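Trainee: The following block contains the structure, expressed as structure tokens.
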Amino acid sequence: MTRIEDLTGNGWRGTPASATSCPALVDGFRVLPWAQCDAPEFVAAWQELVCRSRTPNPFNESWFLFPSLRAFDRSARVRLATLVQDGELVGLIPLWRNSDYHGRPLPHLASWTHPNSFCGEPLIAAGCEEAFWSAILDWCDRDRRLSAFLHFTALPLDGAALTALDDICKRDQRPLRIVQRTSRAALHHGLSPEDHLVRTLGKKRRKELSRKRRRLEEMGELVFTRMSGTDDLDDWIDQFLTLENAGWKGEAHSSLASSVQTADFFRQSLHGAANAGRLERLAFHLDGKSVAMLCNFITPPLAHSFKTAFDESLSKLSPGMLLQVENLALLERGDIAMTDSCAVAGHPMIEQIWDDRREVVSVSLPIGGGVRRRIGDILTAIEARRLENRP
């Protein structure tokens with residue numbers, strides 16, 4: 001007999017997890033309530049997986065994902081899909097069951113992200129990509145719920161995970177379709193910061209930026225700082241939240257400080273990043289007042305420019321752009337091959353000086369067998385055609 005939750009697609013089989021229980025690292029594929037994974041034994045295995053992953057993704061590391069889940073998954077709908085081999089965690093991705101797909105009632109399984117999470121690539125130990133994807137697809141095919149397809153968001157085209165998934169789908173003759181595509185500004189290691197500016201900005205524009213910096217220096221004591229670690233971190237976070245909230249995001253109620261959940265998430269994730277050695281903070285202060293701030297997640301050989309804010313009352317002097325010029329020091333780091341801006345495509349400021357691009361896609365693929373697989377095939381084909389027909 002079909003159950004109500006089978007029709008809604010929102011529930012998961014099994015009993016709710018205890019926040020104090022910890023799953024043993026037993027070989028095999030499991031889909032676990034995330035609260036069961038919030039334990040030292042599992043987090044230690046998770047950190048080992050981070051070190052073994054071919055493509056870094058800070059947004060799926062425990063120090064970022066746990067604050068995200070605590071803030072944005074209050075109903076505990078998200079599960080962690082995990083693969084353990086020889087007692088070691090070799091693959092992890094957050095999954096959830098959703099009945100809404102861009103406003104349409106289409107039950108499906110999906111990777112889980114949120115608006116402040118800019119990459120959905122799973123963490124997979126190098127050499128285990130095929131085993132991990134095969135395990136997920138086998139589980140999805142055997143699942144008895146009504147999910148018509150599997151959807152993964154924000155997968156970088158240059159990531160090892162998507163390449164491996166595409167190979168497996170081709171082998172199994174399972175259509176893997178790109179249903180969303182975006183191109184984000186990025187920095188590729190190679191040129192020095194000075195040579196990069198010469199390439200991206202004309203001589204007149206560079207002189208203008210120099211003039212604006214002098215104007216700021218004439219207004220008071222302009223101090224630039226670059227920090228890592230936890231020193232003065234709470235004060236830095238408070239200043240960032242205040243600075244961002246004072247601008248258009250605050251007026252639109254979309255700033256991090258606009259809700260307790262997003263503010264707490266930001267604070268916890270930055271503390272987690274700092275404790276993990278992943279955080280870099282840059283700021284300009286004018287007479288002790290913050291006028292531009294940004295934070296990067298450093299995960300060699302990649303970096304992600306997570307958040308930035310500036311004093312909009314000084315927009316004519318471009319403090320945000322001047323801070324991005326200082327951020328070009330990332331090009332001098334031998335351990336960073338590429339930095340993802342995490343900015344929306346066409347960002348009017350960042351794309352002026354970040355002229356490289358990183359392609360990020362969302363993909364969908366049919367799951368199940370028989371009728372369910374055919375329905376998923378039709379639905380994902382329709383969605384892919386819509387993307388092709390967009391201007």
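Trainee: Whose amide H sits under 5 Å from the amide H of A148, counting only residues 5 or more places off or on another chain, with H placed in the peptide plane?
Mentor: H108, L109
Trainee: Could you order peptides 173-180, 64-71 by the average number of other Cβ atoms within 10 Å of their residues, highest first?
Mentor: So the peptides 173-180, 64-71, ranked by packing, come out 64-71, 173-180.
Trainee: Would you kindly derive the ³J(HN,Hα) couplings of the stretch 257-264 from the backbone phi angles with the Karplus curve 6.51 cos²θ - 1.76 cosθ + 1.60 (θ = phi - 60°), listing them in order in whole Hz, with x for Gly and Pro?
Mentor: So the J values, rounded to whole Hz, are 7, 6, 9, 4, 4, 6, 5, 5.
Trainee: OK, next. When only alpha-carbon atoms are used, what values of Rg and Dmax, in angstrom, describe the chain?
Mentor: Expressed in Å, the Cα Rg and Dmax of the chain come to 22.3, 76.
Trainee: With the cut-off at 1.5 for a/c, could you classify the stretch 256-305 from its C-alpha gyration tensor as rounded, prolate or oblate?
Mentor: It comes out oblate by the Cα gyration axes.
Trainee: Then there's this: Take D167, D377 and sort them by solvent-accessible surface of the protein heavy atoms, 1.4 Å probe, largest at the top.
Mentor: So the residues, ranked largest to smallest area, are D167, D377.
Trainee: I need the phi-derived Karplus couplings for the stretch 333-341: 6.51 cos²θ - 1.76 cosθ + 1.60, θ = phi - 60°, integer Hz, Gly and Pro marked x.
Mentor: These are the phi-based 3J(HN,Hα) values: 7, x, 8, 10, 8, 7, 10, 8, 6 Hz.
Trainee: For the residue pair K170 and V223, what label-to-label distance in nm results when each label sits 7 Å from Cα along the Cα-to-beta-carbon direction?
Mentor: 5.6
Trainee: Under a 5 Å amide H to amide H cut-off, with H placed in plane at 1.01 Å, what residues pair with T299 once short-range neighbours are removed?
Mentor: H304
Trainee: Which residues' amide hydrogens lie under 5 Å from the amide hydrogen of A125, considering only partners 5 or more residues apart or on another chain, with H built in the peptide plane?
Mentor: G91
Trainee: For I375, I136, give me the order by solvent-accessible area with a 1.4 Å probe, most accessible first, ignoring ligands, DNA and RNA.
Mentor: Sorted descending by solvent-accessible area, the residues read I375, I136.
Trainee: Measuring with a 1.4 Å probe in the full set of protein chains, what accessible area per residue, in whole Å², belongs to the stretch 219-361?
Mentor: 40
Trainee: What is the packing order of peptides 149-159, 28-38, taking the mean over residues of other C-beta atoms within 10 Å and listing the highest first?
Mentor: Packing proxy ranking, top to bottom: 149-159, 28-38.
Trainee: Return the distance in nm (one decimal) between the two label points of a simple spin-label model at K316 and E208, each offset 7 Å from Cα along Cα→Cβ.
Mentor: Modelled inter-label distance: 1.4 nm.
Trainee: Note the full-extension length gain between R199 and D86 as 0.36 nm times their separation in residues minus their Cα-Cα distance, in nm to one decimal.
Mentor: So the chain would gain 35.7 nm between R199 and D86.
Trainee: Cα gyration tensor of the stretch 59-140, axes a ≥ b ≥ c as square roots of the eigenvalues: rounded (a/c below 1.5), prolate (a/b > b/c) or oblate?
Mentor: Cα axes put the stretch 59-140 in the oblate bin.
Trainee: Take the chain, connect every pair of alpha-carbon atoms lying under 10 Å apart with a spring to form a Gaussian network, then pick out the residue of W96, W248, W236 with the largest mean-square fluctuation.
Mentor: Of the options given, W248 has the highest mean-square fluctuation.
Trainee: Taking θ as phi - 60°, what are the ³J(HN,Hα) couplings along the stretch 158-172 by the Karplus curve (6.51, -1.76, 1.60), each to the nearest whole Hz, with x for Gly and Pro?
Mentor: 8, x, 5, 5, 5, 4, 5, 5, 4, 4, 5, 5, 5, 4, 8
Trainee: Separation of the stretch 91-110 and the stretch 330-391 by C-alpha centroid, Å?
Mentor: The stretch 91-110 and the stretch 330-391 have Cα centres spaced 17 Å from each other.
Trainee: Which whole-number value in Å² is the accessible area per residue of the stretch 82-215, probe 1.4 Å?
Mentor: 44
The values are calculated or read from the model by the stated rules, or taken from the named source; none is laboratory data. Treat the numbers as computed from the prediction; the structure is a model and nothing was measured. Note that each Cβ is placed from the backbone with ideal geometry, even for glycine, and that neighbours are counted across all protein chains shown. Keep in mind that these areas ignore ligands, DNA and RNA; they rest on the heavy atoms of the full protein, side chains included. Shrake-Rupley method; radii C 1.70, N 1.55, O 1.52, S 1.80 Å.
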